[in-house]
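Engineer: Take a look at the following structure, please.
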Amino acid sequence: MLGALDDQPCAGHALTEKQREAIGWDMLHKPTELTVLEMAKKKPLPFPPEPAAWLGVKMMTSAMARADRREGKRGLFLRTMDAIKMGFDS
């Protein structure tokens, strides 16, 4: 399994040496400084399917363009995204 991660990562994604090390130690169930981090322990929020993702991106970009036209004054959508830590300035 780890041999596959050396030169040709799966699905064309590049992994850093630290990521490969963390994956290896995680597979062996041995804690390291990377595998004990909270972000390594919990799963990320699932990304929505394509039509919903497209809609979210369109809403975000139009809200940011509106904020730019209003000299940085953020609307309700951007403030909500910031509050739930999903905005670009979060």
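Engineer: In segment 66-87, what residues are out of contact with any Leu (no Cβ under 9 Å at 6 or more places or on another chain) and assigned to a helix (DSSP H, G or I)?
Structural biologist: Correct list: D68, R69, L76, F77, L78, R79, T80, M81, D82, A83.
Table: residues versus (1) at pLDDT 75 or above; (2) open to solvent by 60 Å² or more (accessible area, probe 1.4 Å); (3) among the hydrophobic types (A, V, I, L, M, F, W, C).
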position	(1), (2), (3)
G12	no, yes, no
A22	no, no, yes
K30	no, yes, no
L34	no, no, yes
E50	yes, yes, no
T61	yes, yes, no
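Engineer: With the checklist (1) within 30 Å of I23 (Cα to Cα); (2) more than 20 Å from the chain's Cα centre (by Cα); (3) of a type in the set (D, E, K, R) in hand, flag the one item K41 doesn't pass.
Structural biologist: Result: K41 passes all but (2).
The values are calculated or read from the model by the stated rules, or taken from the named source; none is laboratory data. From a predicted model like this one, the values you see are computed outputs, not experimental measurements. Every residue, glycine among them, receives a Cβ derived from its backbone with ideal geometry; neighbour counts consider all protein chains shown. Please note that ligands, DNA and RNA were not included when accessible areas were found on the heavy atoms of the full protein model with its side chains. Shrake-Rupley method; radii C 1.70, N 1.55, O 1.52, S 1.80 Å.
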